[in-house]
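> Sending over a structure as structure tokens; questions will come in a sec.
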Amino acid sequence: MGLEIAFWALAIVGVVAALAVVLLRDVFRAALSLVLCFLAVAGIYVTLSADFLAAVQVLVYVGAISVLIILAIMLTREVQRGSPSNRLRLPAFVVAILFFGAVVFAMVNTPWQVVDVPPLEPTTSALAFKLFGEGGFILPVEIAPVLLLAAILGAIVLVREK
Amino acid sequence: MTIVETSLGPGGRLAALPPDWPGGYWWHWLVFVVIILIFVVVMVMAFIYMERRGLGRLQARLGPNRAGPLGILQPVADAIKVLLKEDIIPAKGDKLVHWLAPVVAFVPALMIFAVIPFQDGALLVDLNIGILYIVAISSVATVGVFMAGWASNNKFSLLGAMRDVAQVVSYEIPLVLSIAGVVLVAGSLSMNEIVEAQSVPFILLQPLGFLIFFMAACAEVNRTPFDLLEAESEIVAGFHTEYSGMKFALFYLVEYTEVLALSAIITTLFLSGWRGPLLPPFLWFLIKVVAVFFLIFWVRSTIPRLRIDQVMAFAWKCLLPLALINLFITGLEIVALPEGLPWFLILVNIAIMVVLVVLWSGFFKLGGGRVEV
């Protein structure tokens, strides 16, 4: 009961915030709505007993990515005029509708597995064994930083003064 | 070879409070929310008094001593003064965001205290991701500062906010890396279990980690060598230039709440929290928090403010490599000594810290030939 109320409250906040990101004219307020949306998603993770994921969601998306987006907005000129639409409006709309349809189709047609087992407590050590232990996901964990490092090096090369 | 005990034996948890003290889920919530609110307000007032009087002493002057005996009512007088002031919103500013900013900055600072153990088991929720929760929640406060800087429609506010984000994002990396050392030794992210693991305070086992954490955290909460986002001589008052009245008071409260949270976190991670002989646990906790705060404003009265490029260079060229080395050495020790850390390691770690700090400080000498940092 309590979980259901929490889910619907978070879901409504999340969806309204996500719509606000797209519909608001003021870019800065749109970025703040994005922060709210990320927080609502983190809240949903909490209701799913994924506490570690929720904390990382807040740390990475709210603490780092949103802040970088806001910083980029501050460095942009003529923000006050809002986000003017351009010729890509219609194609973007079509792509968004297609994506939305694909997501809905996937969600409706997936045979979701429901498990009766109570959620794992504590989650951290199980997660650590899964990520770094034997037979775990150590290779993807190692590949992701390499990819990030390559991206960082690329960014440095792009902005380097000649 | 005697081993440093990093877990409580079966007899060690006699005094632990049950997780739903004083009986019932909602009573636990209510009681602890009230305790936390009172703790924060009273300690912030005490800190303001201590800082103003203590700073006066350290600067060879008296400090405020008129309101009440020994000036003890000075924080109250300050609060009343600031509450009676007019609340001004810039005409061309974003009014909603301007109003929301202090709230967004204050809530995360308050939420940190949910996982701080005042005594064994005496905390709002013993999250098993305790310290990660703190790191995540405190990163939200930056958004509040950003909102304030933006909504004020003032170039100095905006500059202050941008300095803040550059500084906070940079110092978060050494901060988290130094926490990782503590977590490795304690074997848990839960704040209460980290305290339980400290039969010797981790400041001895992790001296370099403590130094890095202390400096990075001072930068995170913008205390004086790193308070560039409100450097009076450069950008008026930074992000809260356009704030007055109650909203300014809230930002002031945020500043001290963050320092209080920082003192409590250092107490928990490095100074063995509520543990100590003779005195009751919560008293030990309070004593250590106040001692850490004294250290913080002692630093403030001693070291002048850095330049912005020095601050950034210090984070990336000094703290980050040191934090990486610290994490590496800690991991090496844990792997090499799986049955526990022996006592002589304390001396080894202190020696490593001294060598590394002396080595690295050589790169940052000012005036002695190398002016560039």
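> Which one is nearest to B:G209 (Cα to Cα), of the residues in region B:306-340 that are surrounded by 18 or more Cβ atoms within 10 Å (Cβ to Cβ) and not aliphatic (A, V, I, L, M)?
Filtering first and then ranking leaves B:N326.
> Another question, then. Is it the case that B:A231 is of a type in the set (G, A, S) and at pLDDT 85 or above? If you could, list the steps in order and put the result at the bottom.
On the way: of a type in the set (G, A, S): yes; at pLDDT 85 or above: no.
Considered against the rule, which asks whether it is of a type in the set (G, A, S) and at pLDDT 85 or above, B:A231 comes out as no.
> Test B:A77 against the stated conditions and say whether it is in contact (Cβ under 8 Å) with a residue 60 or more places away in the chain and more than 10 Å from every other protein chain (Cβ to nearest Cβ). Let's see the steps before the verdict.
On the way: in contact (Cβ under 8 Å) with a residue 60 or more places away in the chain: no; more than 10 Å from every other protein chain (Cβ to nearest Cβ): yes.
Spelling it out, it is not the case that B:A77 is in contact (Cβ under 8 Å) with a residue 60 or more places away in the chain and more than 10 Å from every other protein chain (Cβ to nearest Cβ).
> So which helices (runs of 4 or more DSSP H) stay within region B:179-254 end to end and still have 1 or more residues that are within 21 Å of B:V311 (Cβ to Cβ)?
Working: elements: B:191-196, B:202-205, B:207-220, B:232-235.
Counting at least 1 such residues, we get B:207-220, B:232-235.
> Out of the residues in region A:3-41 that are among the aromatic types (F, W, Y) and under 20 Å from A:I65 (Cβ atoms), state the one that is nearest to the chain's Cα centre (by Cα).
Here is the first cut: in region A:3-41, the ones among the aromatic types (F, W, Y) are A:7-8, A:28, A:38.
Narrowing the set further to residues that are under 20 Å from A:I65 (Cβ atoms) leaves A:28, A:38.
Values: A:F28: 18, A:F38: 6 Å.
For region A:3-41, the residue satisfying everything is A:F38.
> Going by the structure shown, is A:A126 in contact with a Leu (Cβ under 7 Å, 6 or more places away or on another chain), in a helix (DSSP H, G or I) and among the hydrophobic types (A, V, I, L, M, F, W, C)? Break it down into steps so the answer makes sense when it comes.
Numbers: in contact with a Leu (Cβ under 7 Å, 6 or more places away or on another chain): yes; in a helix (DSSP H, G or I): yes; among the hydrophobic types (A, V, I, L, M, F, W, C): yes.
The answer is yes for A:A126.
> Can you go through A:A50, A:A40, A:A30 and tell me which one is among the aliphatic types (A, V, I, L, M), surrounded by 11 or more Cβ atoms within 10 Å (Cβ to Cβ) and within 11 Å of chain B (Cβ to nearest Cβ)? Before the answer, list the steps.
Details: A:A40 fails: within 11 Å of chain B (Cβ to nearest Cβ); A:A30 fails: within 11 Å of chain B (Cβ to nearest Cβ).
Answer to the check: A:A50.
> For A:P122, are the conditions met, namely being surrounded by 12 or more Cβ atoms within 10 Å (Cβ to Cβ), farther than 18 Å from A:V21 by Cα and free of Cβ contacts under 8 Å to residues at least 60 places away in the same chain?
yes
> Kindly establish whether A:G101 is within 14 Å of another protein chain (Cβ to nearest Cβ) and surrounded by 10 or more Cβ atoms within 10 Å (Cβ to Cβ).
Details: within 14 Å of another protein chain (Cβ to nearest Cβ): no; surrounded by 10 or more Cβ atoms within 10 Å (Cβ to Cβ): yes.
It is false that A:G101 is within 14 Å of another protein chain (Cβ to nearest Cβ) and surrounded by 10 or more Cβ atoms within 10 Å (Cβ to Cβ).
So that you can scan it fast, the table gives a plain yes or no per residue for (1) among the hydroxyl-bearing types (S, T, Y); (2) touching a residue at least 40 places away in the same chain (Cβ under 8 Å):
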site	(1), (2)
B:A105	no, yes
B:L123	no, yes
B:V140	no, no
B:S157	yes, yes
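> For region A:104-119, enumerate the residues that are surrounded by fewer than 10 Cβ atoms within 10 Å (Cβ to Cβ) and farther than 30 Å from B:L127 by Cα.
Just the residues of region A:104-119 that are surrounded by fewer than 10 Cβ atoms within 10 Å (Cβ to Cβ), to begin with: A:106-118.
A:A106, A:M107, A:V108, A:N109, A:T110, A:P111 - these are the residues of region A:104-119 that are surrounded by fewer than 10 Cβ atoms within 10 Å (Cβ to Cβ) and farther than 30 Å from B:L127 by Cα.
> Identify, please: which residue in region B:107-117 is assigned to a helix (DSSP H, G or I) and touching a residue at least 40 places away in the same chain (Cβ under 8 Å) and is, among those, nearest to B:E242 (Cα to Cα)?
Initial filter on region B:107-117 (assigned to a helix (DSSP H, G or I)): B:107-115.
So of that shortlist, the ones also touching a residue at least 40 places away in the same chain (Cβ under 8 Å) come out as B:109-110, B:112-115.
Details: B:A109: 22, B:L110: 24, B:I112: 27, B:F113: 29, B:A114: 31, B:V115: 34 Å.
Here the residue is B:A109.
> Something else about it: Which residue, of B:L58, B:L83, is aliphatic (A, V, I, L, M), surrounded by fewer than 19 Cβ atoms within 10 Å (Cβ to Cβ) and within 30 Å of B:T302 (Cα to Cα)? Even if it seems obvious, please write down each step before you answer.
Values: B:L83 fails: within 30 Å of B:T302 (Cα to Cα).
Exactly one residue qualifies, and that residue is B:L58.
> Give B:V42, B:V82, B:V97, B:V76 a once-over and let me know the one that is of a type in the set (V, I, T) and closer than 30 Å to A:S33 by Cβ. Spell out the reasoning first.
Numbers: B:V42 fails: closer than 30 Å to A:S33 by Cβ; B:V82 fails: closer than 30 Å to A:S33 by Cβ; B:V76 fails: closer than 30 Å to A:S33 by Cβ.
The conditions single out B:V97.
> Residues in region B:118-170 that are more than 7 Å from chain A (Cβ to nearest Cβ), of a type in the set (V, I, T) and not in a helix (DSSP H, G or I): how many?
Summing the residues that are more than 7 Å from chain A (Cβ to nearest Cβ), of a type in the set (V, I, T) and not in a helix (DSSP H, G or I) in region B:118-170 gives 1.
> Being surrounded by 13 or more Cβ atoms within 10 Å (Cβ to Cβ) and either out of contact with any helix residue (DSSP H, G or I) (no Cβ under 8 Å at 6 or more places or on another chain) or hydroxyl-bearing (S, T, Y) (or both) is the filter here, so list the residues in region B:69-79 that pass it.
Once the filter is applied, which keeps residues that are surrounded by 13 or more Cβ atoms within 10 Å (Cβ to Cβ) and either out of contact with any helix residue (DSSP H, G or I) (no Cβ under 8 Å at 6 or more places or on another chain) or hydroxyl-bearing (S, T, Y) (or both), region B:69-79 yields B:L73, B:A77.
> If you don't mind, there's one more thing I want to ask. For A:V95, which of the numbered conditions (1) in a loop (DSSP other than H, G, I, E, B); (2) more than 14 Å from chain B (Cβ to nearest Cβ); (3) under 22 Å from the mean Cα position of the chain (by Cα) fails to hold?
(1)
The values are calculated or read from the model by the stated rules, or taken from the named source; none is laboratory data. This is a predicted model, so every value here is computed, not measured. Cβ: placed from backbone, ideal geometry, glycine included. Neighbour counts: every protein chain shown.
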